[in-house]
Amino acid sequence: MSDNHVMNISAKTDYGVRAMLVLAASQGTEDGTTVPVTADQIAVGQGLPRKFLEAILSDLRRAGLVASTRGSAGGYTLARPAQEVTLGDVFRAVDGPLAEVRGLRPHETTYRGPATDLPTVWVAVRASLRHVLDEVTLASLLEGALPEHIHKLAAEPDAWANR
């Protein structure tokens with residue numbers, strides 16, 4: 001969360017998820033092969049800055065989420081099947097832990113006095129993020145088959161309202 005109290009999904013994470021979805025969509029061609037996708041193809045197709053995307057793809061490769069192939073027929077492919085890659089995996093690969101408080105993991109925080117129970121709230125916030133991000137896979141997004149609890153959360157009366 002940023003200083004203005006909003007959940008901040010960085011451009012890096014947004015671009016990383018979009019790139020992973022492009023790679024997931026390129027899996028499973030009619031003959032069962034996966035066609036590598038170049039950074040240029042992803043950048044142009046998604047309207048992303050190429051140099052920034054290349055840094056993100058490098059992070060995703062280091063995290064074991066994408067594989068790269070050099071050469072004229074080279075590019076990027078998913079390193080694992082799309083049904084095994086969650087949005088949480090992508091978030092962590094490009095931006096680190098899902099939730100931090102002053103650089104600490106929520107369960108590492110301690111407070112005194114009236115704030116004694118605050119770590120429990122921070123852990124609950126992280127758990128709620130996990131409940132969404134670790135249960136939505138690239139495949140479920142591509143198939144339009146999100147888990148039911150995601151639809152329920154998005155259908156709550158104030159879910160789409162700014163506050």
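Here, each number is a calculation from the coordinates, and none is a lab measurement. Here the structure is a predicted model, which is why all the values come from computation and not from measurement. Positions of Cβ are backbone-derived with ideal geometry, glycine not excepted, and every protein chain shown enters the neighbour counts.
With the simple model of a label 7 Å out from the Cα in the direction of the Cβ, Leu153 to Thr34 spans 2.6 nm.
Compute the length gained on full extension between Arg112 and Thr69: take 0.36 nm times their separation in residues and subtract their Cα-Cα distance, giving the result in nm to one decimal.
Separation in residues times 0.36 nm, less the Cα-Cα distance, equals 10.2 nm.
Just to be sure I understand the curve: with the Debye formula and one point per C-alpha of region 11-155, what is log10 I(q)/I(0) at q = 0.11, 0.15, 0.16, 0.18 Å⁻¹? Results for region 11-155 at q = 0.11, 0.15, 0.16, 0.18 Å⁻¹ read -0.49, -0.81, -0.88, -1.04.
Structure remark: mean-square fluctuation, Gaussian network model of the chain, C-alpha springs under 10 Å; the largest value among Ala73, Ala139, Ala43 belongs to Ala73. Taking Rh as the Kirkwood radius computed over C-alpha pairs, what is the Stokes-Einstein D of region 113-163 at 10 °C in a medium of viscosity 1.306 mPa s, expressed in µm² per second? Rounded, D is 122 µm²/s. Here the spin labels are modelled as points 7 Å beyond Cα on the Cα-Cβ line, and at Ala11 and Arg50 they lie 1.7 nm apart.
Of the residues Gly74, Gly144, Gly113, the one that moves most in a GNM of the chain with alpha-carbon contacts below 10 Å is Gly113.
Build a GNM of the chain with springs between Cα atoms under 10 Å apart, and of Ala115, Ala63, Ala55 the one that fluctuates most is Ala115.
Summarising the label geometry, the points placed 7 Å from Cα in the beta-carbon direction at Thr120 and Leu146 lie 3.0 nm from one another. Under 14 Å from a label point set 7 Å out along the Cα-to-Cβ vector of Ser128, the amide N atoms of region 8-28 belong to 8.
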